[in-house]
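Take a look at the structure set out below.
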Amino acid sequence: MKSADHNEGAHVHSNTESRSRQQKNLRRILLLTGVFMVVEVIAGLFTGSLALLADAGHMLTDVAALSLSAFAMWMAGKPSTPENTYGYHRAEILAAVVNAVVLLFLAIWILYEAYDRFREPTQVLGLPMLLVGLVGLAVNLASMKLLDGHVDESLNVRSAYLEVVSDAISSIGVILGGAIVWMTGWVPIDPLLSVGISLFIVWRTWELLSQAVHVLMEGVPTGVDAREVGRAMADVPGVKGIHDLHIWTITSGLDALSSHVVVPVGEDRDAVLQHLQQLLAEQFGIEHVTLQIVEQGSDRIRIDSQSSRNVIE
């Protein structure tokens with residue numbers, strides 16, 4: 001048991017260090033994004049570029065989203081309480097949902113503004129637009145580098161990374177638009193690129209929103225097959241049946257499972273429990289496990305006589 005406790009402690013320590021690095025990098029990105037957002041707003045008004053103003057609006061949502069992500073990460077690190085026994089881990093998922101919704105509304109606003117620009121073209125200064133786009137891309141690439149190693153660790157960080165990637169695509173659009181306007185004077189490219197930026201935002205954001213809502217609905221974690229988990233548990237020596245199996249995600253990287261486990265009368269319950277916990281941690285990566293061991297024939301649980309050893313209700 002000392003080995004298990006040591007491994008669990010090392011796992012918690014590793015998660016704490018990773019979360020601390022994520023928070024520091026988010027604060028750095030927030031500073032970079034906030035400063036460049038001010039520059040881009042001024043440049044957008046000066047050049048008359050909708051693509052720049054749209055990107056500045058995107059930057060504004062990034063500042064809000066990154067602030068929300070950093071706050072949610074801080075909240076998730078707070079200990080559990082009698083009123084919140086899981087702690088505040090779900091704050092990260094809620095932040096991801098809010099970020100996704102804000103991005104979708106931003107995309108709608110860009111589409112509306114682009115429609116107006118198609119109807120009434122506005123003069124755009126191509127060279128300043130190009131230069132600002134280049135600076136913006138450099139900021140986005142630096143931000144992506146800071147988050148790159150943490151994307152798979154948290155849905156909240158993934159949402160922040162998506163914000164930065166979307167900004168990078170926007171900056172590339174601004175660069176192309178600025179170059180075309182500067183060299184050819186073809187102004188419609190500006191709202192046209194804005195439409196492309198908004199559609200890209202919708203496409204990438206919808207996937208994020210779907211994942212976050214799936215977590216809030218306590219769906220089975222992506223990549224986990226509940227039937228496969230049930231069969232593997234039923235194959236553990238001493239297990240006669242698996243009932244009332246539930247698997248869900250508390251927050252990114254933290255899955256949970258609860259189930260009734262039927263064992264023969266006189267079976268070593270502690271041994272069965274230890275084998276099940278080891279199986280779930282090693283084979284499926286589920287370490288937060290709550291199992292109720294019930295002896296076969298107990299009136300506290302019903303066993304389907306026509307089913308095999310694995311019964312999932």
Closer than 24 Å to Leu199 by Cα, in a helix (DSSP H, G or I) and either modelled with pLDDT under 75 or charged (D, E, K, R) (or both): does that describe Leu66? yes
Test of understanding: among Ser170, Ser198, Ser166, which residue is of a type in the set (Ser, Thr, Tyr), under 25 Å from Ile42 (Cα atoms) and touching an Asp or Glu at 6+ places or on another chain (Cβ under 8 Å)? Ser170
Residues of the range 190-210 being touching a Leu at 6+ places or on another chain (Cβ under 9 Å), modelled with pLDDT of 80 or more and either open to solvent by 60 Å² or more (accessible area, probe 1.4 Å) or part of a loop (DSSP other than H, G, I, E, B) (or both), which ones? Leu199, Trp206
Which one is surrounded by the fewest Cβ atoms within 10 Å (Cβ to Cβ), of the residues in the range 240-298 that are at positive phi and under 20 Å from the mean Cα position of the chain (by Cα)? Gly285
Selection from the range 189-227 of residues that are over 23 Å from Tyr161 (Cα atoms) and within 25 Å of the chain's Cα centre (by Cα): Met217, Glu218, Gly219, Val220, Val224, Asp225, Ala226
Out of the residues in the range 78-96 meeting the condition of being of a type in the set (Val, Ile, Thr) and outside any helix (DSSP H, G or I), tell me which one is nearest to Arg158 (Cα to Cα). Thr85
Just a yes or no: is a residue in the range 114-122 β-branched (Val, Ile, Thr) and farther than 15 Å from Glu40 by Cα? yes
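The values are calculated or read from the model by the stated rules, or taken from the named source; none is laboratory data. Please read all numbers here as calculations on a predicted model, not as lab measurements. Using ideal geometry, Cβ is built from the backbone for each residue, glycine included, and neighbour counts are taken over all protein chains shown. Just so you know, the surface numbers come from the protein's heavy atoms only, side chains and all, with ligands and any DNA or RNA stripped out. Shrake-Rupley method; radii C 1.70, N 1.55, O 1.52, S 1.80 Å.
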